[in-house]
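**Student:** Handing you a structure now.
The values are calculated or read from the model by the stated rules, or taken from the named source; none is laboratory data. Because the structure is predicted, anything quoted here is derived from the model rather than measured. Note that we place each Cβ from the backbone using ideal geometry, even for glycine, and neighbour counts take in every protein chain shown.
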């Protein structure tokens, strides 16, 4: 029997060994999920939202154990792990409160005696999720999907298998019927085969551009709907009138939160020349104030990356960018899975730290002389998750939003997800939307009902 191991990236110690599911076991999970769907889809919405309310309470009751598990498996500072669980609570509460409104029949006046749109669940939805937000990414997909009456199979990243199994227990303990949510410990080729199974109705993937293209290809061959939330290379534009004293904490957090391992992190800082020196000084001070250490220590603000290979990739991206003219201001030291926060200046298109997604505490800074140049450079990317602008003239910045084709445009705030707002990208960052009203509609059949007079 093939196995996988989870490792603590901070200590390097092995946490646990898990057996991969056989093809027969995966098929058994499918059968259980299909049977669960036949009953769950007919449950009244109040029953489903009652489960959500219990899920919210269970998350809070177990916040210590869940956040510790997250920190052990992928190295997130413990205070940020707790914040992730609290955000999941907010998510559950939002859909528990609003699902009835979102899923109620939409009456439309036509020539008919009665005509309306109903929202019917599709069936079994496969979620393929990443390791960087082990609970949030899964619940962001699963909560609206289950609430609309579907059942869920989860393929989580192997390095957070403990979190994946804990999430299944979370749903079951909270009253969701057996089979509504199941975790699969499987290999990629097994998942590809699974997508081809007629019992799987759709796929949601959060991950890399490469993974998204492959999953979309397999799903497309089988006429399966997909929602893809892929990589990002968000720009953070600092204009002449930016209030750096007020917003520098936000600006730094936009890059460094979760040790920089976020698709929506600010990865390219485009700074006007008139405030460039002040920006560099203030940003460098904040970076030097970060406290590296054991992620279980509440005073730790930045820790290890999730895996050694991730740190090695960052080193390659920086070194190649330096060869092309980038200047290291601070950092660029690696020790196993730890990567020192690094500021690189003189960054231009054509360098890996400008063109590619960097998943770690790398701050790539480009100086510009005009606002038009800043917005033009911000758009010079194949990705389209989000752009952030810092300025006192918010009305002027708002007028630029139509020129940015990203899925989000934030003024004087870091790009972030919020259950009340749709979340997703464009171009190589994927398609479809999660969260809000739009998120609960992604995996339903919007059925037209027409009754003649």
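**Student:** Does residue 332 qualify as being loosely packed, with under 15 Cβ neighbours inside 10 Å, more than 21 Å from residue 234 (Cβ to Cβ) and not assigned by TED's automatic domain parsing to the domain that holds residue 134? Let's see the steps before the verdict.
**Tutor:** On the way: loosely packed, with under 15 Cβ neighbours inside 10 Å: no; more than 21 Å from residue 234 (Cβ to Cβ): yes; not assigned by TED's automatic domain parsing to the domain that holds residue 134: yes.
Judged against the criteria, residue 332 is not a match.
**Student:** Would you point out which residue out of 62, 8 is more than 20 Å from the chain's Cα centre (by Cα) and under 25 Å from residue 260 (Cβ atoms)? Before you say what the answer is, go through the steps one by one.
**Tutor:** Working: 62 fails: under 25 Å from residue 260 (Cβ atoms).
Within the list 62, 8, the selection yields 8.
**Student:** Being surrounded by fewer than 17 Cβ atoms within 10 Å (Cβ to Cβ) and modelled with pLDDT under 95 narrows it down to one residue among 403, 399; which is it?
**Tutor:** Details: 399 fails: modelled with pLDDT under 95.
Result of the check over 403, 399: 403.
**Student:** Additional query: Please enumerate the residues belonging to segment 265-296 that are touching a strand residue (DSSP E or B) at 6+ places or on another chain (Cβ under 6 Å) and in a loop (DSSP other than H, G, I, E, B).
**Tutor:** 290
**Student:** Here are 387, 366, 394: which of them is touching a strand residue (DSSP E or B) at 6+ places or on another chain (Cβ under 8 Å), modelled with pLDDT of 95 or more, farther than 13 Å from residue 268 by Cβ and in the same structural domain as residue 245 (by TED's automatic domain parsing)? I'd like the intermediate steps shown before the answer.
**Tutor:** Numbers: 387 fails: farther than 13 Å from residue 268 by Cβ; 366 fails: farther than 13 Å from residue 268 by Cβ.
Answer to the check: 394.
**Student:** Right, next: Tell me which of these residue 164 doesn't satisfy, since it passes every other one: (1) closer than 30 Å to residue 376 by Cβ; (2) crowded, with 22+ Cβ neighbours inside 10 Å.
**Tutor:** (1)
**Student:** Kindly check whether there is at least one residue in segment 154-161 that is in contact with a strand residue (DSSP E or B) (Cβ under 9 Å, 6 or more places away or on another chain) and over 26 Å from residue 2 (Cβ atoms).
**Tutor:** no
**Student:** Hey, another quick one. Count, please, the residues in segment 209-256 that happen to be within 30 Å of residue 283 (Cα to Cα) and not in a helix (DSSP H, G or I).
**Tutor:** Qualifying residue count for the region: 15.
**Student:** For residue 381, state whether it is touching a residue at least 60 places away in the same chain (Cβ under 8 Å), buried (at least 22 other Cβ atoms within 10 Å of the Cβ), in the same structural domain as residue 318 (by TED's automatic domain parsing) and within 21 Å of the chain's Cα centre (by Cα). Talk me through it step by step, then tell me what you get.
**Tutor:** On the way: touching a residue at least 60 places away in the same chain (Cβ under 8 Å): yes; buried (at least 22 other Cβ atoms within 10 Å of the Cβ): yes; in the same structural domain as residue 318 (by TED's automatic domain parsing): yes; within 21 Å of the chain's Cα centre (by Cα): yes.
The answer is yes for residue 381.
**Student:** Which of the residues spanning segment 170-200 are within 22 Å of the chain's Cα centre (by Cα), farther than 30 Å from residue 57 by Cβ and not in a loop (DSSP other than H, G, I, E, B)?
**Tutor:** Answer for segment 170-200, where residues must be within 22 Å of the chain's Cα centre (by Cα), farther than 30 Å from residue 57 by Cβ and not in a loop (DSSP other than H, G, I, E, B): 188, 191, 192, 195.
**Student:** For segment 306-329, give me each residue that is assigned to a loop (DSSP other than H, G, I, E, B) and either under 24 Å from residue 160 (Cβ atoms) or not assigned by TED's automatic domain parsing to the domain that holds residue 284 (or both). Outline the logic, then answer.
**Tutor:** Of all residues in segment 306-329, those assigned to a loop (DSSP other than H, G, I, E, B) come to 306-307, 324-326.
Residues satisfying the conditions are 306, 307.
**Student:** Looking at (1) farther than 25 Å from residue 192 by Cα; (2) under 19 Å from the mean Cα position of the chain (by Cα); (3) in contact (Cβ under 8 Å) with a residue 60 or more places away in the chain; (4) not in a loop (DSSP other than H, G, I, E, B), which one does residue 88 not meet, given that it meets all the others?
**Tutor:** (3)
**Student:** Touching a strand residue (DSSP E or B) at 6+ places or on another chain (Cβ under 8 Å) and either over 17 Å from residue 142 (Cα atoms) or outside the structural domain of residue 267 (by TED's automatic domain parsing) (or both): does that describe residue 207? Give the derivation first.
**Tutor:** Numbers: touching a strand residue (DSSP E or B) at 6+ places or on another chain (Cβ under 8 Å): yes; either over 17 Å from residue 142 (Cα atoms) or outside the structural domain of residue 267 (by TED's automatic domain parsing) (or both): yes.
Yes; evaluated as a whole, the condition is true for this residue.
**Student:** Is there a residue being more than 30 Å from residue 319 (Cβ to Cβ), assigned to a helix (DSSP H, G or I) and in contact (Cβ under 8 Å) with a residue 40 or more places away in the chain anywhere in segment 431-438?
**Tutor:** Going through segment 431-438, the residues more than 30 Å from residue 319 (Cβ to Cβ) turn out to be 431-438.
Cutting the leftovers down to assigned to a helix (DSSP H, G or I) gives us 436-438.
Imposing the further condition that a residue be in contact (Cβ under 8 Å) with a residue 40 or more places away in the chain reduces the set to 437.
Among the residues of segment 431-438, at least one is more than 30 Å from residue 319 (Cβ to Cβ), assigned to a helix (DSSP H, G or I) and in contact (Cβ under 8 Å) with a residue 40 or more places away in the chain, which makes the answer yes.
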